[in-house]
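Working notes, structure below.
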Amino acid sequence: MKRKFLNFIAHSIFFIVLLSACSFVCAAQSAPQVLKIEPPNWWAGHSINPVRVMIRGKNFSGASVETVGSGIKAGNVKVNDAGTYLFVDVTIDEHARPGRRSLRIKTGNGSVEAPFEISEPLARTGRFQGFTPDDVLYLIMTDRFSDGDPSNNNPVVSRGLFDRAKPKYYHGGDFQGVINHLPYLRDLGVTAIWLTPWYDNVNHLNEREMPEGVPITDYHGYGAVDFYGVEEHFGTMMKLRELVERAHRLGIKVIQDSVMNHTGPYHTWAEDEPTPTWYNGTAASHSANPFQPWTMMDSHAAYQEQRGTLEGWFIDILPDLNQNDTETARYEIQNTLWWIGMTGIDGIREDTLPYVPRSFWRDWSAAIRGEYPNINVVGEMYDGDPALVSFFQKGKARYDGVDSGIDTLFDFPLLYPARRAFAEVKEIREVARMLAHDDWYVDPSVLVTFIGNHDMKRFMSEPGATYTGLKLAHTFLLTTRGIPQLYYGDEIGMTGADDPDNRRDFPGGFLNDSRDAFTRAGRNADEQSVFENLRNLARLRAELEPLRRGALTNLLVEEKQYAFMRSSGGAAVIVVFNNDRKPATVEFEVPAQRFVEGTLLIDRLNTARDVRVTGGRIKVEIRGRSASIFSVR
């Protein structure tokens, strides 16, 4: 009997211990867990206060939040149905000192602390400057410009994505490569660089976007899986901040490539949405984008006609963010402000502009200006119709009652006739005809003009393109109204067909390259001629204020010849083009209030003889396929 009793006691104790262990494990398994905090930090005295913090994790159902540390308060907690995302307003006292704090998340099964930091703001002097017609922009595809740090070519977390022999793999370009060549850019005359997106992209092959039937990488940066992370192939946040700082020391501004329209297909949200309407549709059920942005300006369009453009997924693959969800919109606005505040950048290039509701752009732009009044935005409206492009520029409420707030747009409408004229030797007066639409814009003087970018074949791969035509195109680009933007490699006449051929590595930027085109010794005679012409144009633009900020007045418009004046204050410059293959003599009137009788004008490009104003006119003898820039001696 005694033995049976002892056995019973032993079994009972074992059962109690086992039950306690199980209870402990089960409780631990259902205790809240934190996986990511967005944003991980903010600033006291910021125009956005409270800041809406989104925390990804597990077991948040029924959670409350309390703060740990002085100067912050938590409120307005919301948890999604799956218990995997928690939203909380964090109010920061304007006098709160920088330093670490935390947010304690409590449920009936336990608690966990999410780290949060109040950061020291960057000094404003020399940062957050914006870009203007005084600038010359230069687009860099980071992965294809220069490999300054080979140690990040094949990172531990993303092995196997580096292969220079494959055009859609990583090639090694990085932030350090850009830093190394900042002096080169300054010598060329560049005053602002636009870098393709630096968001963290997926760490394995992209098997959902296979245009040639084989997996690719997201080397280009447009497939974000972490909007608060830096792509490890490019470097770190510290290196990015160093790049911005080093650029600023040389008088070069930095423009971020921002993507608010979509995420990459492998983003965590695609499998677990923070809210039921975070995206427009789901991976299993969504519409493909029909790419009909013209419907946005159509006051007669029914909403269903516009809906596909606003809500459809790019190439039927990229998840489309829903800015009509207030949590999504707030997340994106804060993310933009976070990158500005963390890096000290000067402007933003906004990708896929028309595929996002204009009301969001209004609110987003207002938030940027509210904290950084000098920061400006150039939007991508990829279309040749000036009516459509102008519809998105700020300064005027359109039929929908919305002023987009977007400062400026890329001048795609001007690009097409310019390419036809200077590459294919078509009518140059088509350029003047497109400029005749300038009245459609609220401010055409700030349009970003260009002759090529990373989404189209290079200028030198257009039918009939020559180095001479490229130099003419650059002359037009740096003398017409607007803010000129160059594409890396165009200064040496790089060729390249459609994507990805238009994104070749810059020769000399990578280990074992056969030549270094960053140096004169590494360029052939034609490349050097293009480079020197562009550098000279940039210097003239910097010297002659009318070329940057002057009003544009046409003086002569013919099939093959074109002349215009840029004037501001008491100064004026005359630019003359002969797009014919044979020499030409042109004669035209000049404004008497700008050029009095007998004024001597010299050609700053040394392609034509000096001319004198006679009878209120000038007569120019100009070589075939050449241009002249006349200024008063």
Inset, instruction - Within the range 35-56, count every residue that is assigned to a loop (DSSP other than H, G, I, E, B) and over 13 Å from Glu117 (Cβ atoms). - result: 6
Inset, instruction - Please verify whether the range 87-97 includes one or more residues that are acidic (Asp, Glu) and either open to solvent by 40 Å² or more (accessible area, probe 1.4 Å) or at pLDDT below 95 (or both). - result: yes
Legend entry - Hits in the range 281-309 - residues which are over 16 Å from Thr352 (Cα atoms) and assigned to a loop (DSSP other than H, G, I, E, B): Gly281, Thr282, Ala283, Ala284, Ser285, His286, Ser287, Asp298, Ser299, His300, Ala301, Ala302
Inset, instruction - Taking only the range 601-618 into account, find how many residues are open to solvent by less than 50 Å² (accessible area, probe 1.4 Å) and either under 39 Å from the mean Cα position of the chain (by Cα) or modelled with pLDDT under 95 (or both). - result: 3
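Is it true that some residue in the range 507-520 is of a type in the set (A, V, I, L, M) and within 28 Å of Ser626 (Cβ to Cβ)?
Within the range 507-520, the subset of a type in the set (A, V, I, L, M) is 511, 517.
Adding the requirement that they be within 28 Å of Ser626 (Cβ to Cβ) leaves 517.
For the range 507-520, residues of a type in the set (A, V, I, L, M) and within 28 Å of Ser626 (Cβ to Cβ): present.
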Inset, instruction - Please state which of the following conditions Gly598 fails to meet, knowing it meets all the rest: (1) touching a residue at least 40 places away in the same chain (Cβ under 8 Å); (2) open to solvent by 20 Å² or more (accessible area, probe 1.4 Å). - result: (1)
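Would it be correct to say that Phe87 is under 21 Å from Tyr228 (Cα atoms), part of a loop (DSSP other than H, G, I, E, B) and under 30 Å from the mean Cα position of the chain (by Cα)?
Values: under 21 Å from Tyr228 (Cα atoms): yes; part of a loop (DSSP other than H, G, I, E, B): no; under 30 Å from the mean Cα position of the chain (by Cα): yes.
No; evaluated as a whole, the condition is false for this residue.
Condition check ((1) modelled with pLDDT under 95; (2) under 18 Å from Leu601 (Cα atoms); (3) surrounded by 18 or more Cβ atoms within 10 Å (Cβ to Cβ)) across all residues:
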| residue | (1), (2), (3) |
| --- | --- |
| Phe518 | no, no, yes |
| Gly522 | no, no, no |
| Phe531 | no, no, yes |
| Glu543 | no, yes, no |
| Gln561 | no, no, yes |
| Ile574 | no, yes, yes |
| Asn579 | no, no, yes |
| Val586 | no, yes, yes |
| Glu589 | no, yes, no |
Legend entry - Of the criteria (1) assigned to a strand (DSSP E or B); (2) farther than 24 Å from Thr336 by Cβ; (3) of a type outside the set (Lys, Arg); (4) open to solvent by 50 Å² or more (accessible area, probe 1.4 Å), which one Pro115 fails: (2)
Inset, instruction - Output the residues belonging to the range 467-478 that are open to solvent by 50 Å² or more (accessible area, probe 1.4 Å) and in contact with a Lys or Arg (Cβ under 8 Å, 6 or more places away or on another chain). - result: Thr468
Legend entry - All strands (runs of 3 or more DSSP E) inside the range 134-238 with 1 or more residues being touching a Leu at 6+ places or on another chain (Cβ under 8 Å) and open to solvent by 40 Å² or more (accessible area, probe 1.4 Å): none
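A quick yes/no check of all residues on (1) open to solvent by less than 10 Å² (accessible area, probe 1.4 Å); (2) assigned to a helix (DSSP H, G or I); (3) not polar (S, T, N, Q):
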residue: Leu415; (1), (2), (3): yes, yes, yes
residue: Glu430; (1), (2), (3): no, yes, yes
residue: Ser445; (1), (2), (3): no, yes, no
residue: Met456; (1), (2), (3): no, no, yes
residue: Pro463; (1), (2), (3): no, no, yes
residue: Thr495; (1), (2), (3): no, no, no
residue: Asp498; (1), (2), (3): no, no, yes
residue: Asp513; (1), (2), (3): no, no, yes
Inset, instruction - Quick one: in the range 563-572, of everything that is over 33 Å from the mean Cα position of the chain (by Cα) and modelled with pLDDT of 95 or more, which residue is nearest to Arg604 (Cα to Cα)? - result: Ala572
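Restricting the search to the range 298-322, which residues are touching a residue at least 60 places away in the same chain (Cβ under 8 Å) and open to solvent by 60 Å² or more (accessible area, probe 1.4 Å)? Give the derivation first.
Initially, the range 298-322 is screened for residues touching a residue at least 60 places away in the same chain (Cβ under 8 Å), giving 299, 315, 317-318, 321.
Of everything in the range 298-322, those that are touching a residue at least 60 places away in the same chain (Cβ under 8 Å) and open to solvent by 60 Å² or more (accessible area, probe 1.4 Å) turn out to be Ser299, Ile315.
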Inset, instruction - Could you tell me which numbered condition Glu559 fails, if it satisfies all but one of (1) closer than 14 Å to Ile629 by Cα; (2) in contact with a helix residue (DSSP H, G or I) (Cβ under 7 Å, 6 or more places away or on another chain)? - result: (1)
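Residue check: is Glu621 touching a strand residue (DSSP E or B) at 6+ places or on another chain (Cβ under 9 Å), open to solvent by 80 Å² or more (accessible area, probe 1.4 Å), not in a loop (DSSP other than H, G, I, E, B) and not basic (Lys, Arg)? So that I can check it myself, show each step before the final result.
Working: touching a strand residue (DSSP E or B) at 6+ places or on another chain (Cβ under 9 Å): yes; open to solvent by 80 Å² or more (accessible area, probe 1.4 Å): yes; not in a loop (DSSP other than H, G, I, E, B): yes; not basic (Lys, Arg): yes.
Taking the combined requirement at face value, the residue satisfies it.
Only residues that are in contact with a Phe, Trp or Tyr (Cβ under 9 Å, 6 or more places away or on another chain) and either surrounded by fewer than 13 Cβ atoms within 10 Å (Cβ to Cβ) or assigned to a loop (DSSP other than H, G, I, E, B) (or both): list them for the range 98-112, please.
Kept after step one, since they are in contact with a Phe, Trp or Tyr (Cβ under 9 Å, 6 or more places away or on another chain), are these residues of the range 98-112: 98, 100-103, 105, 107.
Across the range 98-112, the qualifying residues are Pro98, Arg100.
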Inset, instruction - Take the residues in the range 479-493 that are part of a helix (DSSP H, G or I) and either open to solvent by 10 Å² or more (accessible area, probe 1.4 Å) or of a type outside the set (A, V, I, L, M, F, W, C) (or both), then tell me which one is nearest to Ala542 (Cα to Cα). - result: Glu491
Legend entry - Hits in the range 105-131 (condition: touching a helix residue (DSSP H, G or I) at 6+ places or on another chain (Cβ under 6 Å) and within 21 Å of Lys78 (Cα to Cα)): Asn109
Inset, instruction - Please specify each residue of the range 343-371 satisfying the condition of being open to solvent by 10 Å² or more (accessible area, probe 1.4 Å) and either in contact with a Leu (Cβ under 8 Å, 6 or more places away or on another chain) or modelled with pLDDT under 95 (or both). - result: Tyr355, Pro357, Ala367, Glu371
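The values are calculated or read from the model by the stated rules, or taken from the named source; none is laboratory data. All of these numbers come straight from a predicted model, not from anything done at the bench. Methodologically, a virtual Cβ is constructed for each residue, glycine included, from the backbone with ideal geometry; neighbour enumeration extends over all protein chains shown. Quick note on the areas: whole protein, heavy atoms, side chains included, nothing else; ligands and nucleic acids left out. Shrake-Rupley method; radii C 1.70, N 1.55, O 1.52, S 1.80 Å.
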